[in-house]
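The values are calculated or read from the model by the stated rules, or taken from the named source; none is laboratory data. No experiment lies behind these values; they were computed from the predicted model shown. Using ideal geometry, Cβ is built from the backbone for each residue, glycine included, and neighbour counts are taken over all protein chains shown.
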Amino acid sequence: MASVEVYPSIEPLRWKYLDRIRTRPGPFTDLDVFEGSAVAQNMDNMKVLVIGAGGLGCELLKNLALSGFKNIHVIDMDTIDISNLNRQFLFRKSDVGKFKAEVAAAFVESRVKGVSITPHKCKIQEFDEDFYMQFQIIVCGLDSIEARRWINATLVDMVDEENPESFIPLIDGGTEGFQGQSRVILPTMTACIECMLDMHVPRAQVPLCTIATIPRQPEHCIEWAHQIAWDKEKPFPKLDKDDPEHITWLYQKALARAEEFNIPGVTYSRTQGVVKNIIPAIASTNAIIAASCCNEALKIATNCAPFLGMPEQNNYMQYSGNDSIYTYTFQTEKKPDCPVCGNRARDLDVNLGWTLKELIEALAVNPSAQLKKPSVRTEKKTLYMQSPPGLEEQTRPNMDKTLLELGLEEGEQIGVTDPAFPSVSFKFALRFK
Amino acid sequence: MTEVVMEQMPPVLHGPTEKQRKYDRQLRLWAESGQAALESANLLLVNSGCGTVGVETLKNLVLPGIGRFTIVDDAVVSEADLGVNFFLDEGSLGKMRGQCSTELLLELNPEVHGDWYPKTKGDLNLEKVLATSSTFTLIMYTNPIRPADLAIIQAYGKQHKTPVVLVHSAGFYSYFRILLPGAFPIVDTHPDETATTDLRLLTPWPELVEFAKELTRDIDSLDNHVHGHLPFVVILLHYLDEWRATHDGAYPLKYAEKIAFRNLVQSKMRTDNPEGGEENFEEAVAAVLRAVQPTSLPSGIREVFDYKPTDPQEDGSPFWIIAEAVKKFYEKHRCLPVPGNVPDMKAESEVYIKLQNIYKAKARQDAAEVLKMVQAVPGGRDVDPAEVGLFCKNAAFVKLINASAGGGIDTILNSERLATVAAQEFSNDEMAEETLTPLSLLPIYLALYATSHVESSTREQIVSEIAKAVPGAGVNQRVVQAAEEVARAEGGELHNISALTGGMVAQEVIKVITKQYIPIDNTCIFDGIGSRCQVLRL
């Protein structure tokens, strides 16, 4: 094999190893799209956005800076907590209480010469499409499904067939304990996050009557303290889940109830876990998933090797490390009835005897809807509006009417909006059980 | 047993300590016992090449609080290091790489101790480092390594029975191997919670039978509230009895019988109530296929029963003493000790707690019987009863890694094994399209293996080295492609691939040190182009 030329960057010594790979083709490189001589300069001019500066975010910033990206922005509204320090390696004990985005950006800028990182300590919803349009790649390290759905809907909405710059790849990582996943979304071309929504099934809630009258598990006692005793006794004006005094109060209440019913297993740690919905998190899984995301970002930015999300190819890597190591890399398909990137209404199983209130509750727990504050209308009339207050009051009486009484028919389409996703109109076709 | 002790502990009224708060998110995975094991571990990293993958691994071990680490690395920091290694900065240029990385890693966690060798360039003496350090819990080394250094590590590993992890990362590819000094049993495997339910509905013991009978004596005349709160375990026990009465005492074991039995249970659900059904009966119906099952011996514990420890030291270890006792228990009762956990189910609090206590009491009774057997053998009196309790609780999920011969530090190249695996993998690949299985990643391992001791190679050199290790593999098209991809990197690491690999290696090191969860057996290969892994036993 004749040696293929390396096109060194402005700092040829520093980026020696990276340049060998990113500027010359390998046996799997698509030569129709790869242009080695342009790679370094292209990357110098690219802007990448990182959403989240937590467990994944810290890793993402390090990895992108050492992948040759020069201009990075990062958004995170959170401040640093002591429980972050076992994995969020850009933070020290003295940083507790400071903004994650600012500390992380400053740290990586000082460690890696020549990279610029701009922090934004706010919510992603505070920026508009013009802001997101300036980036060529967006990488997410989030723990909230809602934020993922929002950025996904925004990026799909931004696509303008006439304007190639409106088309921004979204790379998304997520972890839980020893497990995680990374995926690439090319808005309108591959399956989007909303298409895959039913892969994140919301955790089943314990029925209120179990909590209130027949507890059997330590979690039931903790939920009783949290949902019932707190509201009744109001020991502090507002529950602060990060205040040890508040958690201790809940713990003692839960413990007393557990003793009353002879239920073993209520501990402080478990109380905190249930109340804050804590998900175990470790450095190693975050390292794996974040590096996988950035590996895809480098391949997308350079075309030096095939990436996840190419047409008709795999776009999703699922990782599991509890029992040996296992990855499952596959293709998720676009769904024609996706409310964000499809155009067909999605079937929704309902019961004619349901009240509108029950329909609305079903929208919250249905794995492919997961809408917590839905407003509902048919083509003919408005059934329920969350706001403005006047309209809410006017439509509230419908809540207790059954679907039959409201005159809904098999196959009829309802339109649903939710303030969490202002750019999306969810369409459902009713199917009677 | 531990569980009982914890229940009786007075409530802690103050919050967690600062250390517990810092490690909260990981303590939920490996508990205080795992944390203590990590904190007493002493690791050695023998670094080489670009040196990133080893340092990234250490980062993921320093953060969760490993006790102590030592880096052996005789490289001096060059400009190229700064483009790939995050634990170096402008001030590191010209200094010893081991020193700079150690110092920046220690910033991550003040509770961790770290050291480096050699102190000055050209002063590397690995043998001396090993001889003068306190015993290492585990050694990691990265390729390319000098054969002389490898020989020193091998000798140490053999002498001290030290687990050795070898790691190689170049371009888009990497692999790592865990070489364990002998069979490696794990009791605390953390199986999926839903998998652990073992209700013994076909072999109920007198207390459970009595309890179920008492609740279902007049099942049809119970009021709706009581009927709707019978635990599903009790419902199934009741209707299993009814089934046997009409089937010559036999249980519904064939699939068609189970369906018929399920229909029977379904038909007993009351639907003339305001809810139009009963949740507890729905739970019973849903549980039939899973719970109406004769107990069988899972493959993991079967392997433990069949294994013959060869080493006298191994033979006298608490694990093997307990395993032998559990085996005797199994031979006597034809079932494993009852694990004792009961899933949540629709039931009145008091009834559920009683049911839970019946299972717990049986579990304690079984564990006590095993403990007696343990204490009857030489050395058995020294075994911690808590360890017996944990073994009994997890018996169905106990796992033995590295059980068959080989796999130790001596077997970096087991030619016979490699040839067998290669033949199998290449033949699978020919069928891959029909069987819809992903292609083997063995070619990546072979191409990296061919550069175990050299900084960089051409495609032709790599292919010819592979042909020496695995005759005939040199003509395989995918092997040639992998060789070309490895040649492209010229021994250089990509930060992302090394960060990802460092994550996996750290995870596996944690499993080996804590003896929790199940480590790989024994080689994990990563393909950064296709974004996937494969684990092979080589």
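All but one of (1) closer than 26 Å to A:ALA147 by Cα; (2) part of a helix (DSSP H, G or I) hold for A:ALA420, so report the exception by its number.
(2)
Is it the case, given these coordinates, that B:THR514 is surrounded by fewer than 24 Cβ atoms within 10 Å (Cβ to Cβ), among the polar types (S, T, N, Q), farther than 23 Å from B:THR52 by Cβ and assigned by TED's automatic domain parsing to the domain that holds B:GLY182?
So B:THR514 passes the test.
Which of (1) hydrophobic (A, V, I, L, M, F, W, C); (2) in contact with a Leu (Cβ under 7 Å, 6 or more places away or on another chain); (3) over 30 Å from B:ILE322 (Cβ atoms) is the odd one out, the single condition B:LEU201 does not satisfy?
Of everything listed in (1) hydrophobic (A, V, I, L, M, F, W, C); (2) in contact with a Leu (Cβ under 7 Å, 6 or more places away or on another chain); (3) over 30 Å from B:ILE322 (Cβ atoms), B:LEU201 misses just condition (3).
May I ask you to list pairs of residues, at least six apart or on different chains, whose Cβ atoms are under 6 Å apart, with the first in the stretch A:391-417 being in contact (Cβ under 8 Å) with a residue 12 or more places away in the chain and the second being basic (Lys, Arg) and in a strand (DSSP E or B)?
Close Cβ pairs satisfying both conditions: A:GLN413/A:LYS427; A:GLY415/A:ARG377; A:GLY415/A:LYS427.
Taking the stretch B:269-294 as the region of interest, how many residues are outside any helix (DSSP H, G or I) and surrounded by fewer than 16 Cβ atoms within 10 Å (Cβ to Cβ)? Reasoning before the result, please.
To start, the set of residues in the stretch B:269-294 that are outside any helix (DSSP H, G or I) comprises B:269-278, B:292-294.
When the remaining residues are screened for being surrounded by fewer than 16 Cβ atoms within 10 Å (Cβ to Cβ), the result is B:270-277, B:294.
The qualifying residues number 9.
Regarding B:PRO252, is this residue within 14 Å of chain A (Cβ to nearest Cβ), out of contact with any strand residue (DSSP E or B) (no Cβ under 9 Å at 6 or more places or on another chain) and assigned to a loop (DSSP other than H, G, I, E, B)?
no
Could you list all residues from the stretch B:245-268 that are within 27 Å of B:GLU348 (Cβ to Cβ) and surrounded by 13 or more Cβ atoms within 10 Å (Cβ to Cβ)?
Of everything in the stretch B:245-268, those that are within 27 Å of B:GLU348 (Cβ to Cβ) and surrounded by 13 or more Cβ atoms within 10 Å (Cβ to Cβ) turn out to be B:PHE261, B:ARG262, B:LEU264, B:VAL265, B:GLN266, B:LYS268.
Considering every residue within the stretch B:71-87, establish whether at least one is in contact with a strand residue (DSSP E or B) (Cβ under 6 Å, 6 or more places away or on another chain) and more than 10 Å from chain A (Cβ to nearest Cβ).
yes
If I filter the stretch A:387-424 down to residues being among the small types (Gly, Ala, Ser) and exposed (fewer than 13 other Cβ atoms within 10 Å of the Cβ), which single residue comes out as nearest to A:GLU358 (Cα to Cα)? Can you show your working first?
The initial filter retains those residues of the stretch A:387-424 that are among the small types (Gly, Ala, Ser), namely A:387, A:390, A:407, A:411, A:415, A:420, A:423.
Cutting the leftovers down to exposed (fewer than 13 other Cβ atoms within 10 Å of the Cβ) gives us A:387, A:390, A:407, A:411.
Numbers: A:SER387: 19, A:GLY390: 22, A:GLY407: 16, A:GLY411: 18 Å.
The residue in question is A:GLY407.
So is B:PRO191 in a loop (DSSP other than H, G, I, E, B) and within 14 Å of chain A (Cβ to nearest Cβ) or not?
Details: in a loop (DSSP other than H, G, I, E, B): yes; within 14 Å of chain A (Cβ to nearest Cβ): yes.
For B:PRO191, the condition - in a loop (DSSP other than H, G, I, E, B) and within 14 Å of chain A (Cβ to nearest Cβ) - is met.
Do we find that A:LEU66 is within 10 Å of another protein chain (Cβ to nearest Cβ) and surrounded by fewer than 24 Cβ atoms within 10 Å (Cβ to Cβ) in this structure?
Spelling it out, it is not the case that A:LEU66 is within 10 Å of another protein chain (Cβ to nearest Cβ) and surrounded by fewer than 24 Cβ atoms within 10 Å (Cβ to Cβ).
Looking at the structure I just gave you, is A:VAL156 within 23 Å of A:GLY68 (Cα to Cα), touching a strand residue (DSSP E or B) at 6+ places or on another chain (Cβ under 9 Å) and either surrounded by 15 or more Cβ atoms within 10 Å (Cβ to Cβ) or within 14 Å of chain B (Cβ to nearest Cβ) (or both)?
No: the conditions fail for A:VAL156.
Listed here are the residues, each with its yes/no results for (1) in the same structural domain as B:VAL164 (by TED's automatic domain parsing); (2) basic (Lys, Arg); (3) under 26 Å from B:ALA80 (Cβ atoms); (4) modelled with pLDDT under 95.
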| residue | (1), (2), (3), (4) |
| --- | --- |
| B:LEU439 | no, no, no, no |
| B:LEU446 | no, no, no, no |
| B:GLN461 | no, no, yes, no |
| B:PRO471 | no, no, no, yes |
| B:ALA482 | no, no, yes, no |
| B:MET504 | yes, no, yes, no |
| B:PHE526 | yes, no, yes, no |
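Is it the case that some residue within the stretch B:518-538 is surrounded by fewer than 20 Cβ atoms within 10 Å (Cβ to Cβ), among the small types (Gly, Ala, Ser) and either facing chain A (nearest Cβ under 7 Å) or free of Cβ contacts under 8 Å to residues at least 40 places away in the same chain (or both)?
No: zero hits.
Yes or no: B:GLN481 at the interface with chain A (Cβ under 7 Å from one of its Cβ atoms), of a type in the set (S, T, N, Q), free of Cβ contacts under 8 Å to residues at least 60 places away in the same chain and surrounded by fewer than 24 Cβ atoms within 10 Å (Cβ to Cβ)?
The answer is yes for B:GLN481.
Filter the stretch B:29-40 for residues that are out of contact with any helix residue (DSSP H, G or I) (no Cβ under 7 Å at 6 or more places or on another chain) and either buried (at least 21 other Cβ atoms within 10 Å of the Cβ) or within 11 Å of chain A (Cβ to nearest Cβ) (or both) and give the result.
Taking the stretch B:29-40 as the starting set, the residues that turn out to be out of contact with any helix residue (DSSP H, G or I) (no Cβ under 7 Å at 6 or more places or on another chain) are B:29, B:31-33, B:36, B:39-40.
Correct list: B:LEU29, B:ALA31, B:GLU32.
Would you confirm, using the coordinates I've provided, whether B:ASP198 is outside any helix (DSSP H, G or I) and among the acidic types (Asp, Glu)?
On the way: outside any helix (DSSP H, G or I): yes; among the acidic types (Asp, Glu): yes.
The answer is yes for B:ASP198.
Specify the residue that is nearest to the chain's Cα centre (by Cα); the eligible residues are those in the stretch A:311-335 that are surrounded by fewer than 19 Cβ atoms within 10 Å (Cβ to Cβ) and within 14 Å of A:THR175 (Cβ to Cβ).
Top of the filtered list is A:GLN318.
Name the residues in the stretch B:139-149 that are in contact with a strand residue (DSSP E or B) (Cβ under 9 Å, 6 or more places away or on another chain), surrounded by fewer than 21 Cβ atoms within 10 Å (Cβ to Cβ) and among the aliphatic types (A, V, I, L, M), would you?
B:ILE145
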